[in-house]
Every structure is written in C-alpha cells, then in structure tokens.
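Notes to accompany the following structure.
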Amino acid sequence: MKVSQASDAYETLHASFGWRVPAHFNMAQACCRRWAAAKATASQIAVIDDGPGRKPRAHSYAELAEDANRLSHALRLLGVRRGDRVAIVLPQRFETAVAYMAVLQMGAVAMPLSQLFGPEALEYRLQDSAAVVALVDEVTGPAVQVVRSRCPALRHVVGLTGAFDTDVIDWPHAQDGMRKRFDPVSTSADDPAVLIYTSGTTGNPKGALIPHRALIGNLTGFVCSQNWFGFDPAEPSRPSDAVFWSPADWAWTGGLMDALLPTLYFGRPIVAWNGRFAPEVAFELLQRHRVTHTFLFPTALKAMMKACPEPRARYRLHLRAIMSAGEAVGDAVFDYGREQLGVNVNEMFGQTEINYVVGNCTRLWPAKPGSMGKGYPGHRVAVIDDAGQECPVGVPGEVAVHRRDVHGDLDPIFFLGYWNNEAATLAKFTGDPLDSWCRTGDMAVRDEDGYLWYQGRADDVFKAAGYRIGPSEIENCLVKHPAVANAAVVPKPDEQRGALVKAYVVLAPDHAQRRALCVDPIQEFDAPLVVELQAHVKGRLAPYEYPKEIEFIDVLPMTTTGKVQRRVLRLQEEERFRERQLGA
C-alpha cells in the first residue's frame with residue numbers, strides 16, 4: 001500500500017470512527033466474568049503461569065472468575081468498600097490477574113505497586129493513597145511489612161501465596177471457605193478503577209486515577225498496534241489463536257493496560273512469566289508458548305538483537321505483531337524486527353494519563369522506520385506550541401491530545417485526574433479540562449503525511465552551539481555500531497557553547513570482555529573506540545550532532561518500566577560542571 005493510498009484510508013477511518021461508551025462499564029466484567037459465564041468460553045485459557053524451574057500451568061477463565069469471586073468475598077469481610085484503594089504488590093503470575101479482577105468487580109480501586117519498589121517508594125504510595133489492604137506474595141510481602149506500621153490506613157496484608165509472617169493473612173488456607181459466586185458492584189464508566197503513580201521530572205510521584213472507560217479508549221491502539229490481534233477483518237467469525245506475552249511489569253501502565261487487561265478483554269491467553277528478563281529467556285518463551293503477539297520495550301529489543309542476530313536460525317517463532325514503546329525504536333531495531341523476527345515493529349506512544357494514543361499499524365497504514373506513527377482512531381492528536389496552537393509541518397512542538405474526538409465527543413482514554421492534586425491536574429491541560437489539549441511533555445515533529453517523529457522529552461531536548469538536539473536520533477545511530485549495546489545522550493554544560501553533546505555508552509558483551517582484558521583500557525581500548533564511534537555518528541547525522549565526549553558505563557539508569565533516565569545523567573553532568581567551576 002502506498003503512503004498516499006494509506007493516508008486516504010487513514011483519514012476515512014478516522015472520520016467514520018465513533019466511540020460507544022456505555023453508561024455502566026466494569027473492567028472485570030469485560031475481561032473475565034463474561035467469558036467465564038459462557039459455556040463456549042469458560043474453559044478457554046486466560047493465564048499461562050510460568051517461571052524459572054517449574055512447569056507452566058494454564059488457568060481457564062472459569063478458574064480466574066472463581067478465584068476472583070472468593071477473594072472479593074474475603075476483601076469484603078476485611079472491610080473493603082466501593083472506592084477503597086487496594087494495593088496489589090505482585091509480579092506477573094496468575095494470582096495477580098485474580099487480584100485485579102477481584103478488586104475491580106467490587107468497585108474498589110486497584111493500586112498496582114512494583115515488586116522492585118524499596119521501602120521509601122512503597123511507604124509514600126501507601127500513605128498518599130490511604131490504601132486499606134495490600135495483596136502480596138512471599139517475595140513482595142516482607143517489604144510491605146517493613147513500612148506497614150507507618151501506614152495507618154493499611155488495615156490488612158494478605159499473602160496470596162501463603163503466610164510468611166504471623167500478621168499476614170494466609171489466603172491459600174482461607175480461600176476454600178469463601179463462596180465461588182459473587183454479585184459484582186455496578187460501576188459507571190466514569191468510576192475510578194486503577195490508581196497508578198507516575199514519576200515526573202520534579203517532586204513526588206503523582207497518582208493518576210484511571211476510570212473503567214479508559215480500557216475502551218485503549219482498544220483501538222491495542223488492536224492496531226497488534227495488527228488486529230489475530231482477528232482477520234476479512235473473516236470476522238474465524239476464531240483467534242492469538243497468544244500474548246510481554247516482559248512489561250503488570251504493576252505499570254505498559255503491563256496492565258497494554259498487555260494484561262486488553263488480552264483478557266479479547267478472551268485470549270496471556271503468558272505470566274514470574275522471572276527476570278533476559279534475551280535468551282525471551283526467545284525461549286516466544287517459542288515455548290507459541291506467542292503470536294508481544295509488547296517489547298526498545299531496550300529489550302536492542303538486547304535481543306545483540307544477543308541473537310539471527311533468531312530464526314535457533315528458534316521456531318510464531319510472531320505476527322510486535323508493539324514497542326517507552327523510547328524511540330529507531331531504524332536499527334525496526335530493520336531487525338522486519339528482517340530477523342519477520343514482523344514490522346509497531347511503535348506506540350502514550351502515557352499513564354492518556355495511554356495508547358499514537359502509533360503504527362502495518363495492517364492499516366505503512367510504518368515509517370523510526371516514526372511514532374499517527375493518532376489511533378478516536379484520538380485527536382496534534383503537535384502544539386507553548387501557546388496551544390498546532391505547529392506547522394516540520395516544526396518541533398509538544399505532543400498533545402484533545403479531550404474531544406473529531407466528532408466533538410469526549411475521548412474515553414483520559415484519566416480522571418491526579419489523586420488529591422487538583423493543581424497538577426489543571427496544569428496538565430491547556431484551557432478548560434473538558435474542552436482542551438492535554439499536554440504530554442514529549443516533543444515531536446509532524447511530517448507531511450501526518451506521521452510524528454519523536455524528539456525526546458521536553459526536558460531532554462537541548463541546545464548545543466545554537467542547534468536544537470534531540471537525543472533519540474543520536475542514540476539510535478550509536479546502537480547501530482556493533483560495539484554498542486545501548487546509549488543515552490545528554491547535554492554536558494560548557495562555558496563556550498552552552499552545552500556539548502555527550503554520550504553514555506554501554507558496550508556489547510564481547511567488546512566489554514575485551515576492554516576488561518586491557519592493562520590500560522583508557523589508552524588501549526577507550527580512546528580508539530571513541531574516535532571510531534564519533535566518526536560513525538559524523539558519517540550518518542549532521543556534523544553538530546556527533547558526541548564530543550563519550551563515557552563508557554556498565555549500565556544505564558532505568559525506570560522500572562525500562563525507560564532510560566537521561567535526567568539522572570544530566571544532573572550528574574551539571575554537578576560535575578559545578579565542581580569544575582569551584583576547582584578553577
């Protein structure tokens with residue numbers, strides 16, 4: 001399909017699309033109860049539980065519903081009521097899916113917390129949300145117990161996989177006494193369902209309150225980015241054999257709203273891998289479970305690309321779609337997906353507050369390597385300037401989403417607001433929150449075909465010698481070099497030019513080993529490679545974009561969702577600059 005033809009089809013799709021949001025809607029009903037209630041689908045697999053050193057086990061929708069019903073009864077006995085926050089501190093596992101369904105069908109609010117959180121992170125979120133119950137396992141529970149005494153609202157801790165402390169409720173021994181049937185609470189589409197804390201560039205994390213309707217708003221992006229998720233538009237009655245897996249933590253938007261919930265919404269199985277990510281493990285999981293659709297962060301794809309350049313020579317893959325988000329994919333990873341994995345990587349963009357709004361869909365419009373894609377059907381997306389006006393083609397601006405779609409109807413994707421933080425909610429919007437642009441804080445350029453090209457976070461884009469620098473393009477170029485596993489580009493303060501382009505580089509394993517064997521790595525290895533990498537970038541990008549300085553490090557600072565924390569490196573450079581000035 002030519003770009004011009006695809007553009008016409010895209011515009012037609014957008015103009016004809018309209019949201020149908022019922023007055024009453026519940027995520028648990030849509031993702032579990034309806035499948036379990038029908039004889040034809042009750043026995044279908046919902047979750048494939050897997051982990052290191054154990055045999056995978058498949059759980060049906062009927063099992064998921066029964067276990068969720070029992071847990072809902074227990075939570076009600078513990079005093080949980082509609083609107084109460086229930087912390088879910090669990091990794092990918094069947095019990096985690098049970099926890100979400102149980103909380104959501106009660107009309108309570110699920111508050112996911114990452115298993116990687118330390119005491120301070122847990123304490124802040126549990127206190128700020130006033131969570132009344134925490135659902136944990138044997139790994140996450142001890143950390144919650146450490147801060148429990150400092151969280152006065154937290155009345156109970158329930159160990160879904162057993163008791164590890166006398167003050168923790170032993171759910172496996174208690175669940176048999178609970179009824180298998182539960183009458184769900186009727187929730188409106190606008191009722192709160194999930195409270196997810198997002199880390200900003202400044203201040204404490206903010207709790208984004210997500211309504212039940214947001215799942216409906218997610219669906220066009222999920223279906224498009226997953227190339228119809230196994231459903232053939234030409235044969236709508238043909239059963240789907242799609243199987244989903246993603247390493248994305250179910251405690252974050254990328255794992256919960258982009259993987260677990262939409263997969264269950266369509267009545268398909270999702271693989272729950274309760275183990276660490278590694279490139280070889282990823283390939284083994286894709287092969288073992290005949291995974292057809294996946295969501296992989298660019299960081300994961302880069303690691304897989306370096307670890308296994310020709311995967312189809314070693315693994316039997318069944319992939320039909322790969323969605324990626326969190327960082328710019330870049331054409332190096334895009335080419336790897338197309339040539340070595342057999343599918344085009346559909347890049348997607350969104351954030352917790354307004355998820356799944358921009359992306360690619362190779363079934364409907366051709367992906368441009370390195371592009372974020374276009375606004376998904378139902379979402380009115382633009383690149384705007386500081387005054388809230390749409391930027392012309394080729395002019396950088398901030399990606400924003402309007403509260404109303406092209407027909408003037410409210411877009412269901414939007415969050416309800418930040419928990420107990422009205423000022424932050426109002427600051428997120430330009431104008432009236434019900435009829436305005438919602439700013440994302442991410443910079444992009446729109447081309448003549450309507451595709452968006454990511455330029456980095458608003459606070460990641462910088463100027464060097466008068467030129468505006470977006471780090472993603474330089475990082476993508478560096479990763480194409482065989483010595484580079486990953487890279488992050490930040491400004492290094494400079495008195496003469498304001499800032500210099502600096503790259504932090506993580507070496508590919510074989511190059512890292514060779515560096516370790518050097519008697520004087522700086523002279524024998526670093527200096528020649530720096531010159532080589534600088535020439536590599538100079539030969540592919542504009543002259544002002546090549547990194548004037550390169551520093552090799554073992555690992556880049558990352559968020560728990562796999563995003564590079566350039567801000568950490570940027571602050572480090574600013575501190576070093578201050579120290580140099582004091583030393584002078």
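Applying the condition of being assigned to a loop (DSSP other than H, G, I, E, B) and over 30 Å from Lys206 (Cα atoms) to the stretch 339-361 and asking which residue is least open to solvent (accessible area, probe 1.4 Å) yields Val343.
Does Glu138 count as within 23 Å of the chain's Cα centre (by Cα), without any contact (Cβ under 8 Å) to a residue 40 or more places away in the chain and farther than 15 Å from Ala36 by Cβ? No; evaluated as a whole, the condition is false for this residue.
May I ask you to verify whether Thr430 is of a type in the set (Ser, Thr, Tyr) and either modelled with pLDDT under 90 or in contact with an Asp or Glu (Cβ under 6 Å, 6 or more places away or on another chain) (or both)? Yes; evaluated as a whole, the condition is true for this residue. Please go through (1) of a type in the set (Phe, Trp, Tyr); (2) open to solvent by 20 Å² or more (accessible area, probe 1.4 Å); (3) farther than 30 Å from Gly207 by Cα for Tyr336 and return the number of the only condition it doesn't satisfy. Every listed condition holds for Tyr336 apart from (2).
Yes/no per residue for (1) touching a Cys at 6+ places or on another chain (Cβ under 9 Å); (2) hydrophobic (A, V, I, L, M, F, W, C); (3) closer than 22 Å to Gln115 by Cα:
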| site | (1), (2), (3) |
| --- | --- |
| Trp252 | no, yes, yes |
| Asp258 | no, no, yes |
| Arg268 | no, no, no |
| Arg276 | no, no, yes |
| Leu286 | no, yes, no |
| Thr294 | no, no, yes |
| Met304 | no, yes, no |
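Among the residues of the stretch 47-77, those identified as crowded, with 22+ Cβ neighbours inside 10 Å and among the polar types (S, T, N, Q) are Asn69, Ser72. Annotation note: Cβ proximity below 6 Å between a residue of the stretch 180-206 that is farther than 18 Å from Ile413 by Cβ and part of a loop (DSSP other than H, G, I, E, B) and a residue that is at pLDDT below 95 and of a type in the set (Asp, Glu) (sequence gap 6+ or interchain) occurs for Thr201/Asp459. The requirement of being more than 20 Å from Leu154 (Cβ to Cβ) and surrounded by fewer than 15 Cβ atoms within 10 Å (Cβ to Cβ) is fulfilled nowhere in the stretch 78-97; no residue meets it. Taken over the stretch 257-284, the criterion of being buried (at least 21 other Cβ atoms within 10 Å of the Cβ) and part of a helix (DSSP H, G or I) is satisfied by Met257, Asp258, Ala259, Leu260, Leu261, Pro262, Thr263, Leu264, Ala282.
Scanning the stretch 139-188 for residues that are more than 24 Å from Gln127 (Cβ to Cβ), among the acidic types (Asp, Glu) and surrounded by 14 or more Cβ atoms within 10 Å (Cβ to Cβ) returns a single hit, Asp170. Suppose we filter the stretch 536-572 for residues that are open to solvent by 70 Å² or more (accessible area, probe 1.4 Å), under 16 Å from Ile469 (Cα atoms) and among the hydrophobic types (A, V, I, L, M, F, W, C); how many remain? Counting residues in the stretch 536-572 that are open to solvent by 70 Å² or more (accessible area, probe 1.4 Å), under 16 Å from Ile469 (Cα atoms) and among the hydrophobic types (A, V, I, L, M, F, W, C) gives 0. Check off (1) outside any loop (DSSP other than H, G, I, E, B); (2) buried (at least 18 other Cβ atoms within 10 Å of the Cβ); (3) not small (Gly, Ala, Ser) for Pro412 and give me the number that stays unchecked. For Pro412, the failing item is (1). Condition check: surrounded by 12 or more Cβ atoms within 10 Å (Cβ to Cβ), under 16 Å from Ala130 (Cβ atoms) and either modelled with pLDDT of 95 or more or more than 29 Å from the chain's Cα centre (by Cα) (or both). Does Val194 satisfy that? Here the answer is yes, as Val194 does meet what is asked.
For the stretch 477-490, residues that are more than 17 Å from Val555 (Cα to Cα) and crowded, with 24+ Cβ neighbours inside 10 Å total 1. When the strands (runs of 3 or more DSSP E) confined to the stretch 1-97 are screened for residues that are modelled with pLDDT of 95 or more and over 26 Å from Leu195 (Cβ atoms), those reaching at least 2 such residues are found at 45-50, 57-60. Considering the stretch 429-527, the qualifying strands (runs of 3 or more DSSP E), each wholly inside and each with 1 or more residues that are at positive phi, run over 437-446, 452-457, 498-507. Taken over the stretch 312-329, residues that are surrounded by fewer than 17 Cβ atoms within 10 Å (Cβ to Cβ) and touching a Pro at 6+ places or on another chain (Cβ under 7 Å) amount to 0.
The values are calculated or read from the model by the stated rules, or taken from the named source; none is laboratory data. Since the structure is predicted, the reported quantities are computational estimates derived from the model, not experimental observations. Here Cβ is always computed from backbone atoms with ideal geometry, including for glycine, and neighbour counts include all displayed protein chains. Only protein heavy atoms, including side chains, enter the accessible area calculation; ligands, DNA and RNA are left aside. Shrake-Rupley method; radii C 1.70, N 1.55, O 1.52, S 1.80 Å.
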